[in-house]
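Derivation of every value follows stated rules applied to the coordinates shown; laboratory data play no part. These numbers come from a predicted model, not from an experiment. As a convention, Cβ positions derive from the backbone with ideal geometry for all residues, glycine included, and neighbour counts pool all protein chains shown.
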Amino acid sequence: MIDNRIKKMIIERFNAPLLYPQQCEALSEDIMAVTGQRLGVTTLKRMMGFIKGAETPRRASLDIIAAYLGFPDFSKLSDFIGHDIDISDFAVIDSLTSDDLERGERVRLTYDPGRVLVIEYLGESIFEVKESVGSKLMVGDKLIIAGFYVGFNLLITDIERQGRHLGAYRAAKRGGLTSVEII
């Protein structure tokens, strides 16, 4: 695994959350498009913490990540982040998945600037908006959401509003969710 600060930079550069191992395929393609260098999907899965493997990535892999992030090599990226960088890092991420919930439970989400959502779990990863402050989501909207991760975007697979499917939606784009709680 790599340092969480670097993971966050990768996610920001990729401009999409990395919630599932399969998303590393698209990340690998984006890295190739940006750098002209191939970084394997399995290597990325290891780096991003989806699978276990070598604790320390190869220097060549780290240099490709640095190039993807706009640095000439990993040493320069390390200097940018600070000398206390550690390639591996364990961190507790405040998270909640739909599997953690029972039908009828409500979840309160907050994100900047001053946004608040209260949603009720209907089952099968479907939620209904019960309260919405400052958000484009409306009371009564039905949302398909797999999980909630503090510090990351809220990724909604589909929104159904008054019987119409509006498609995917991404909220909390600046700074991610600030809190997730069952109420």
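Things worth noting here:
- Taking a sphere under 9 Å around the Cβ of Val129 and counting the other residues whose Cβ falls inside, with K and R at +1 and D and E at -1, yields a net charge of -2.
- Set of segment 2-32 residues, backbone N closer than 13 Å to the point 7 Å along the Cα-Cβ line of Asp99: 20-21
- Sequence of Asp100, Asp30 once ranked by neighbouring C-beta atoms within 10 Å, starting from the fewest: Asp100, Asp30
- Spacing of the two label points (7 Å from each Cα toward its C-beta) at Asp112 and Tyr169, in nm: 2.2
- Degrees between helix 23-35 axis and first principal axis of the chain (Cα, 0 to 90, nearest 10): 50
- Folded to 0 to 90 degrees: helix 59-68 orientation relative to the chain principal axis, Cα: 60
- Cβ-placed point charges (K, R +1; D, E -1), dipole of the chain about Cα centre in debye, nearest 20: 440
- Once the Cα atoms are used to define both axes, helix 4-14 deviates from the longest principal axis of the chain by about 70 degrees.
- Residues Tyr149, Tyr111, Tyr169 arranged by fewest to most Cβ contacts within 10 Å: Tyr169, Tyr149, Tyr111
- Whole-Hz ³J(HN,Hα) from phi, Karplus 6.51 cos²θ - 1.76 cosθ + 1.60, for segment 71-77, glycine and proline x: 10, x, 6, 5, 4, 5, 4
- Pairwise FRET efficiency - Arg38 versus Glu120, Cβ, R0 = 45 Å, nearest 0.05: 0.50
- Segment 4-81: C-alpha gyration tensor shape, a/c 1.5 cut-off, then a/b vs b/c: rounded
- Among Lys45, Lys142, Lys173, a tally of other beta-carbon atoms within 10 Å of each Cβ gives an order, fewest to most, of Lys173, Lys142, Lys45.
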